[in-house]
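Below you'll find the structure, written out as structure tokens, and then a few comments.
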Amino acid sequence: MNHDKFLEYVQAENKVEPKDMMPDDYRKLLVRQISQHAHSEVVGMLPEANWITRAPSLRRKMALLAKIQDEAGHGLYLYAATETLGNGEIAADRDTTYNDMLAGKAKYSSIFNYPALSWADIGAIGWLVDGAAIMNQVMLMGNSYGPYSRAMVRICKEESFHQRQGYEILMTLCRGTKEQKELAQDALNRFWWPALMMFGPNDEASPNSQKSMNYRVKRESNDSLRQRFIDVTVPQAEFLGLKIPDEQLKWNEERQHYDFGELPWDEFMEVLKGNGPANKKRLETKRKAQTDHAWVKEAAIAFAAKQKAEV
Ligand code: FAQ
């Protein structure tokens, strides 16, 4: 199938499967995006893991543990989907992509370079971070690569539970004491803009969007998803009695959308360059885990080899 035929094929809403012919730049685009998505899931476990031992009740601890385990599972589906794209010339195996992340060569979502400072942050992460992730991933369920699209269906179901557990934490805090409500407001103040930046740069500053849209990987633009997220989240904040930290936020009757202020793009660029509040700590933690827990991987490989030999 030549390139034009391939474009026609995906644009007619057909799915591409691992053994199908596909252009190299489609393969590379997917390896980049799916592996970065996988890294985001596993690095994203760290800010929340910081609160497992300090969850305020057994019930909260169980829900948080389950959520963090889900994120590991999402990483697993996504690394597995990435691996289906390796073809000898383009490396997509887990060790290569993971080591690229550890070496700082591959990105993961900017949001995970912000620390979780209070229990209310766990609520804000579920509500805003998982909320933003779902908005983006519902769109990705319709992407043209079969394994990625199928992984998204399952991941979205789990992310909905994550979003609700976060919102419920904040609802409890907002109905509690003055200090608890202040914790919730402080978490919203710190997570609002970083959550909006999860959708990526503005459309005119997004170098990958056009190709990604043509290949039906992205189905909607960064700005359009960001606007939708703001539109659904503002009433949720109002229900909690919290104030979104944006003086320019205002319903626009004509557009039937909220207008909002300029995002702190300089901060976004710094975080992408590795200079966010927790970038160094996140990578150090993952590098240390890779070395300290190497024996687990070795034991699992030895056990699998033994089982294979016994069959
Ligand atoms: N952070 O041209 P575009 C989650 C990079 S999962 C870091 O617009 P594209 C679940 C981008 O990679 C959250 N880098 O790029 C959870 C590109 O650099 P490159 C993760 C960013 O790919 C919750 C450059 O900027 N979700 O949260 C960011 O067309 C709680 C130019 O950007 C996904 O990964 C950013 N925010 O659109 C887990 C979804 N934005 O690669 C644990 C899949 C942009 O050329 C706890 N990914 N960049 O060097 C996507 O949908 C897309 O990749 C976008 C970016 C929309 C993120």
Hits in the stretch 46-59 - residues which are within 16 Å of the ligand (Cβ to nearest atom) and either aliphatic (A, V, I, L, M) or open to solvent by less than 40 Å² (accessible area, probe 1.4 Å) (or both) = Leu46, Pro47, Glu48, Ala49, Trp51, Ile52, Ala55
Output yes when any residue across the stretch 70-79 is within 16 Å of the ligand (Cβ to nearest atom), touching a Ser or Thr at 6+ places or on another chain (Cβ under 6 Å) and aliphatic (A, V, I, L, M), and no when none is.
-> no
Is there a residue in the stretch 155-166 that is over 14 Å from the mean Cα position of the chain (by Cα), free of Cβ contacts under 8 Å to residues at least 60 places away in the same chain, open to solvent by less than 10 Å² (accessible area, probe 1.4 Å) and closer than 25 Å to Asn222 by Cα?
-> yes
Condition broken by Leu283, with the remaining ones in (1) at pLDDT 95 or above; (2) of a type outside the set (Asp, Glu); (3) open to solvent by 70 Å² or more (accessible area, probe 1.4 Å) satisfied = (3)
Pairing a residue in the stretch 92-120 that is closer than 16 Å to Leu30 by Cα with any residue that is among the aromatic types (Phe, Trp, Tyr), where Cβ atoms lie under 6 Å and the two sit 6 or more apart in sequence or on different chains, gives Arg94/Tyr79
Could you grab me the full set of residues in the stretch 132-146 that are open to solvent by 10 Å² or more (accessible area, probe 1.4 Å) and either under 16 Å from Met197 (Cβ atoms) or among the acidic types (Asp, Glu) (or both)?
-> Ala133, Met135, Asn136
Collect the residues in the stretch 187-201 that are assigned to a loop (DSSP other than H, G, I, E, B) and without any contact (Cβ under 8 Å) to a residue 60 or more places away in the chain, keeping them in residue-number order.
-> Gly200
Note on the stretch 77-116: residues among the polar types (S, T, N, Q) and modelled with pLDDT of 95 or more are Thr82, Thr84, Thr96, Thr97, Asn99, Ser109, Ser110, Asn113
When the residues of the stretch 286-311 are filtered to those that are among the charged types (D, E, K, R) and open to solvent by 80 Å² or more (accessible area, probe 1.4 Å), which remaining residue is farthest from Pro47 (Cα to Cα)?
-> Glu310
On the given criteria, is Glu204 part of a loop (DSSP other than H, G, I, E, B) and either of a type in the set (Asp, Glu) or closer than 21 Å to Leu7 by Cα (or both)?
-> no
Is the stretch 67-87 home to any residue that is aliphatic (A, V, I, L, M) and open to solvent by 60 Å² or more (accessible area, probe 1.4 Å)?
-> yes
Of all residues in the stretch 231-258, which are more than 19 Å from Asn136 (Cα to Cα), of a type in the set (Asp, Glu) and open to solvent by less than 40 Å² (accessible area, probe 1.4 Å)?
-> Asp246
Counted residues in the stretch 80-112 being under 27 Å from Met269 (Cα atoms), hydroxyl-bearing (Ser, Thr, Tyr) and more than 13 Å from the ligand (Cβ to nearest atom) come to 2
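Being more than 30 Å from Pro23 (Cβ to Cβ) and within 18 Å of the chain's Cα centre (by Cα), is that true of even one residue in the stretch 284-301?
yes
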Being open to solvent by 60 Å² or more (accessible area, probe 1.4 Å) and either more than 18 Å from the chain's Cα centre (by Cα) or near the ligand (Cβ under 9 Å from one of its atoms) (or both), is that true of even one residue in the stretch 223-230?
-> no
For the stretch 6-39, which residues satisfy the criterion of being among the hydrophobic types (A, V, I, L, M, F, W, C), open to solvent by less than 60 Å² (accessible area, probe 1.4 Å) and more than 15 Å from Tyr77 (Cα to Cα)?
-> Phe6, Leu7, Val10, Val16, Met22, Leu29
The lone condition Arg150 fails out of (1) near the ligand (Cβ under 10 Å from one of its atoms); (2) open to solvent by 30 Å² or more (accessible area, probe 1.4 Å); (3) assigned to a helix (DSSP H, G or I) is (1)
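The values are calculated or read from the model by the stated rules, or taken from the named source; none is laboratory data. Computed from a prediction, not measured in an experiment: that's the story for all the values here. Please note: Cβ atoms are built from the backbone with ideal geometry, for glycine as well, and neighbour counts cover all protein chains shown. Side chains are part of the model used for accessible areas, which takes the heavy atoms of the whole protein and leaves out ligands, DNA and RNA. Shrake-Rupley method; radii C 1.70, N 1.55, O 1.52, S 1.80 Å.
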